[in-house]
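Written out below as structure tokens is the structure these notes cover.
Taken together, the values in this text are just the output of simple stated rules run on the coordinates, not laboratory data. The structure presented is a predicted model; accordingly, all values stated were derived computationally and were not measured. Positions of Cβ are backbone-derived with ideal geometry, glycine not excepted, and every protein chain shown enters the neighbour counts.
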Amino acid sequence: MSLSMADRDGWIWLDGELTPWREAKTHVLTHALHYGSAVFEGERIYEGRVFRLSAHSARLVNSARLLDYDLPWTREQIDDATREVVKANGLAFGYIRPIAWRGSEVMGVSAVGTKVHLAIAPWAQEGRLSVQVKPGGIRVTMAKYRRPSPEVAPGAAKAAGLYIICGIEKDRALKAGFDDALMLDWQGRLAESTGANVFLVLGGKLVTPKVENFLDGITRRAVIGLARKRGWEVEERAVMPQELDDASEVFLCGTAAEIVPVGAIDHRHYQVGPMTRTLMADYAELVRQPDCEGFGESVHFATCATVERNIERKMPNTQSVKFARVPHPSPLPAAKRAELLKNPGFGRVFTDHMVTIHYSDAEGWHDAKIEPRAPIPMDPAAAVLHYAQEIFEGLKAYRTADGGATLFRPEENARRFQQSAKRLAMPILPESVFLEACDLLVSTDRAWIPDGDGSLYLRPFMFANENFLGVKPSSGYLFMVIASSVGSYFKTDAPAVSVWVSTEYTRAAPGGTGAAKCGGNYAASLLAQAEATKHGCDQVVFLDAVEQRWIEELGGMNVFFVFDDGSLSTPPLGGTILPGITRSSLITLAKDKGIKVREERYSIDQWRTDAGTGRLREAFACGTAAVVTPIGTVRSKDGEFKIGNGGSGAKTEELKAALVGIQRSRAPDPHGWIHKVF
């Protein structure tokens, strides 16, 4: 018989003191016991180290804030206390339950006047705590209760009160012979299980529900990081329950469960497939790394703690810096603006305003403004001028038929911006702040959104501005968003563009910055682009840096190939190719239409051969700026060949129409990609 949790030897850290296990007690009238005001974490010890300790401690602090109280200990103090109590118990492997709660000084719904307590209890535990792995995967059922909306409860908090429906559904599942239950959100979309996040393998791609008022798991972030490290495409989006019918693999993940394969969800059955097995092995290795205790992929929790003096709570689960508005003394007159919008071109017509947010190691994100667009002062010693520590994004705002404005998948730009920042050792801007900055600029400069086929191109970017000549990550940064009214990206009136295959220059090498959207990547492409222009081509195509034979991408766009069997192919992501948002969207839309899509390597020699035999019917480039652009002619030092009839093809036009229809709100948006600004 296992020991009762209350009757054990060992130590619990309680309110700053190591307390014998059996003496760690609280009063029956404690507020948390009656009104659910406790917040907690679940952590794992591997070989004496606590996996992602800092991320867990920061999330505990943030959960308390979302319940409108502050812990009287900092994240660093909680880290230290955790290490102290683990050492005191002599644990090499185990589970840790930190929990904070409101005390018994006052009895009533309001917790004002109660003391905040904190306990950290570790115990020996090898293997999984909540759900055990089974050879053919666990059995799961669909839950009756749903995760609440943000207007009902702060789902981003790991709060005790939010787990009552999870406990009920877990009990029901066990009594019915299942291992766990899968819950939908308030809108009927897939959310999570009773205590873990969920992943699906759909068409060879890893898909997980976009976090919408449920917990953004630390293990979830780790799994996404492991998958992307392997070059696998990961899509975070709204997932409908019927998509479970199309999944080839399903697994759950969480601190207690680690990674658990699912063998069945009610009547649906799955294999414990290769992606799940690979991630299980990768995760087992990750948690035992010597540096596993930091924030890792969950660095956004560090950002929450850093900016605490500058953030305001807009909604229960949303945080944002406070933006000051600086009036424009002399905006461009409407008549002059109208004249510019008749033919804006690309990247030459700029709006009246810009967004700026400063960052320093001492203050975090601060001094956020929407202000008149103007030159910015910069010291000659600014780090960006010497070491190119800079990243950027590109996205578009579209005018809708009702006079409103929308953005297309801006949360994906925000997440890619975070990944780029991480790669270049820059601070992580919270997704909510990125989105708010873009929304604010679009709303303020709404008159600059062209009618018709034009759009408002947004350029969020961040650069190092510390005045220091030593080679190190900067201690200061400036994040900005500017906007440009744009028409077509390419100047040519031809039905398709021509491309030059560079055999002398490469864009990125394994282990480099190819997957980051940083200025240095584009600077390195300019000479090759000039070479393409010299040969009468619109764009350059880069080959891989190792063998100089595999197609990777164009100077600023991904590339697709359409074959005579109607299938579609695009080079796989592997750290040297930018994970394009347009690319990802087209893959999804193609699969929606029943088009077979392969992400596989394709050589320049095969491209030439397939174009000659007719096996290759179409090729096109894609990106935010260029949208979908047909490729008609390919030139290189070995000669020239045409693709199809040298113009656009039916599949290219079909996919472009589907994408543009959603972007411009002319077609249904089944994947929830459209973000309405106003």
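Charges on Cβ only, +1 for Lys and Arg, -1 for Asp and Glu, centred on the Cα centroid of the chain; of 556, 520, 95, which one is farthest towards the dipole's positive end?
Highest projection toward the positive end goes to 556.
Could you work out how far helix 218-229 tilts from the main Cα principal axis of the chain, as a 0 to 90 degree angle to the nearest 10?
Tilt of helix 218-229: around 30 degrees.
How do the peptides 27-37, 371-381 rank, highest first, by the average count of neighbouring beta carbon atoms within 10 Å per residue? Write down the numbers at each step before the final one.
Numbers: 27-37: 16.9, 371-381: 11.3.
Averaged packing, sorted descending, gives the order 27-37, 371-381.
Which value at 222 nm does the chain reach when only helices count, each DSSP H run of 4 or more adding -39,500 (n - 2.57), with the total divided by all residues and rounded to the nearest 500 deg cm²/dmol?
Calculated mean residue ellipticity at 222 nm is -7500 deg cm²/dmol.
So for segment 102-215, averaging the separation of alpha carbon pairs under 8 Å that are six or more residues apart and normalising by length, what relative contact order in percent results? Walk me through the intermediate numbers first.
Numbers: 136 pairs, mean separation 25.8, N = 114.
Normalised by residue count, the contact order of segment 102-215 is 23 percent.
With only Lys, Arg, Asp and Glu charged, each at its Cβ (+1 for the first two, -1 for the last two), find how big the charge dipole of segment 319-431 is about the Cα centre; round to the nearest 20 debye. Show your work: numbers first, answer last.
Numbers: 15 positive and 13 negative charges, 96 e Å.
In total the dipole reaches around 460 debye.
Wrap a convex hull around the Cα atoms of segment 138-287, take a quarter of its surface area, and give that in square nanometres.
Working: hull surface 32.7 nm².
Averaged projected area of segment 138-287's Cα convex hull equals 8.2 nm².
Can you tell me how much longer the chain between residue 564 and residue 660 gets when fully stretched, taken as 0.36 nm per residue apart minus their C-alpha distance, in nm with one decimal?
Working: separation 96, 0.36 × 96 = 34.56 nm, distance 2.45 nm.
Taking 0.36 nm per residue and subtracting the Cα distance, the gain is 32.1 nm.
Any chance you could run the full-extension gain for residue 494 through residue 606? It's 0.36 nm times the residue separation minus the Cα-Cα distance, nm to one decimal. Spell out each step's value before the answer.
Details: separation 112, 0.36 × 112 = 40.32 nm, distance 2.56 nm.
Gain on extension, residue 494 to residue 606, equals 37.8 nm.
Could you calculate the FRET efficiency of residue 152 with residue 175 from 1/(1 + (r/R0)^6), where r is the beta carbon distance between them and R0 is 25 Å, rounded to 0.05? It would help to have the intermediate numbers written out before the result.
Values: r = 27 Å, r/R0 = 1.08.
The formula returns an efficiency of 0.40 here.
Output needed for segment 158-226: three equivalent-ellipsoid semi-axes, defined as square roots of 5 times the C-alpha gyration tensor eigenvalues, in descending order, whole Å. Each step should come with its number before you reach the end.
Numbers: eigenvalues 94, 45, 28 Å².
Its equivalent ellipsoid spans semi-axes of 22, 15, 12 Å.
Are there GluC sites (Glu not before Pro) in segment 69-121 that DSSP puts in a loop and that have at most 16 other Cβ atoms within 10 Å, and which ones?
Passing sites in segment 69-121 are 105.
Roughly how compact is segment 497-676, stated as its Cα Rg over 2.2 N^0.38 Å to two decimals? Can you show the working numbers first?
Values: Rg = 15.8 Å, N = 180, 2.2 N^0.38 = 15.8 Å.
Rounded to two decimals, the normalised Rg is 1.00.
How far apart, in nanometres, would the label points at residue 451 and residue 363 be if each is projected 7 angstrom from Cα along the Cα-to-Cβ direction?
With each label point 7 Å from Cα toward Cβ, the separation is 4.4 nm.
In segment 72-144, which chymotrypsin sites (Phe, Trp or Tyr not before Pro) are in a loop and have at most 14 other Cβ atoms within 10 Å, using DSSP for the loop call?
Answer by residue number: 93.
So what does the Cα-only Debye profile of segment 94-207 read at q = 0.14 Å⁻¹, as log10 I(q)/I(0), no solvent term?
After summing over all Cα pairs, the log10 values are -0.80.
Please name whichever of 494, 580, 540 sits farthest to the positive end of the charge dipole of segment 452-609, dipole taken about the Cα centre and charges placed at Cβ: Lys and Arg +1, Asp and Glu -1.
Value: 580.
With +1 on each Lys and Arg Cβ and -1 on each Asp and Glu Cβ, and nothing else charged, work out how big the dipole of the chain is about its Cα centre, in Debye to the nearest 20.
Numbers: 79 positive and 81 negative charges, 164 e Å.
Around 780 debye, computed over the chain.
Which entries of 158/205; 210/472; 158/422; 336/651; 396/593; 134/676 have Cα-Cα distances beyond 32 Å here?
Values: 158/205 29 Å; 210/472 35 Å; 158/422 25 Å; 336/651 40 Å; 396/593 25 Å; 134/676 44 Å.
Table pairs above 32 Å Cα-Cα are 210/472; 336/651; 134/676.
Taking R0 as 35 Å, what FRET efficiency do you get between residue 509 and residue 376 from their Cβ-Cβ distance, rounded to the nearest 0.05? Spell out each step's value before the answer.
Working: r = 33 Å, r/R0 = 0.93.
It comes out at approximately 0.60.
Charges at C-beta only: +1 for Lys and Arg, -1 for Asp and Glu. How large is the resulting dipole of segment 1-104 about its Cα centre, in Debye rounded to 20?
Working: 13 positive and 14 negative charges, 54 e Å.
The dipole of segment 1-104 has a size of about 260 debye.
What spacing in nm lies between the two simple spin-label points modelled at residue 68 and residue 343, each 7 Å away from Cα in the Cβ direction?
6.0 nm
From the residues 186, 386, 215, which one has its Cα farthest along the dipole of the chain in the positive direction, the dipole being from +1 and -1 charges on Cβ of Lys/Arg and Asp/Glu about the Cα centre?
186
Each label point is 7 Å from the Cα along the Cα-to-Cβ direction; what then is the distance between the points at residue 549 and residue 8, in nm?
Here the answer is 5.8 nm between the modelled labels.
Which parts of segment 93-122 would a label at residue 163 reach, counting a residue when its backbone N lies under 15 Å from a point 7 Å out along Cα-to-Cβ?
95-102, 119-122
Which length gain, in nm to one decimal place, applies between residue 402 and residue 676 when the Cα-Cα distance is subtracted from 0.36 nm times their residue separation? Don't skip to the end; give the middle numbers.
Numbers: separation 274, 0.36 × 274 = 98.64 nm, distance 1.18 nm.
Extra length available between residue 402 and residue 676 comes to 97.5 nm.
Taking θ = phi - 60°, what integer Hz values does the Karplus form 6.51 cos²θ - 1.76 cosθ + 1.60 yield along segment 31-36, in sequence order, with x for Gly and Pro?
Coupling constants for segment 31-36: 4, 4, 5, 9, 10, x Hz.
Report relative contact order for segment 325-486 in percent, whole number only (criteria: Cα-Cα under 8 Å, sequence separation at least 6). Please report the intermediate quantities before stating the final value.
On the way: 293 pairs, mean separation 56.2, N = 162.
RCO, segment 325-486: 35 percent.
Determine ³J(HN,Hα), in whole Hz, for all residues of segment 139-145 in sequence, where each value follows from phi through the Karplus function 6.51 cos²θ - 1.76 cosθ + 1.60 and θ = phi - 60°; x replaces Gly and Pro.
Along segment 139-145, the couplings run 9, 10, 10, 7, 7, 7, 6 Hz.
Where in segment 248-269 does the label zone of residue 284 land, with the point 7 angstrom along Cα→C-beta and an amide N cut-off under 19 Å?
Residues 250-263 qualify, since their backbone N sits under 19 Å from the label point.
Hey, fewest Cβ within 10 Å first, where do 506, 278 land in order?
Values: 506 20, 278 14.
Result, fewest neighbours first: 278, 506.
Rounded to whole Å and sorted largest first, list the principal axis extents of the Cα atoms in the chain.
If we take the Cα atoms of the chain, the spans are 81, 62, 52 Å.
Which GluC sites (Glu not before Pro) does segment 578-678 hold that lie in a coil by DSSP with at most 14 other beta carbons within 10 Å?
Working: sites: 599, 600, 618, 640, 653, 654; in loops: 600.
Hits after loop and neighbour filter: 600.
Can you compute the FRET efficiency between residue 132 and residue 422 using 1/(1 + (r/R0)^6), with r the Cβ-Cβ distance and R0 = 35 Å? Round to the nearest 0.05. Walk me through the numbers on the way to the answer.
Details: r = 34 Å, r/R0 = 0.97.
FRET efficiency, residue 132 to residue 422: 0.55.
Explain nothing, just the number: relative contact order of the chain, from Cα pairs under 8 Å at least 6 residues apart, as a whole percent. Kindly include the intermediate steps, with their values, before the conclusion.
Details: 1424 pairs, mean separation 68.3, N = 678.
Rounded, it is 10 percent for the chain.
Could you run the Karplus curve 6.51 cos²θ - 1.76 cosθ + 1.60 with θ = phi - 60° over segment 335-349 and give me ³J(HN,Hα) per residue in whole Hz, x for Gly and Pro?
The phi angles translate into 5, 5, 5, 4, 5, 5, 6, 5, 8, x, x, 9, x, 10, 10 Hz.
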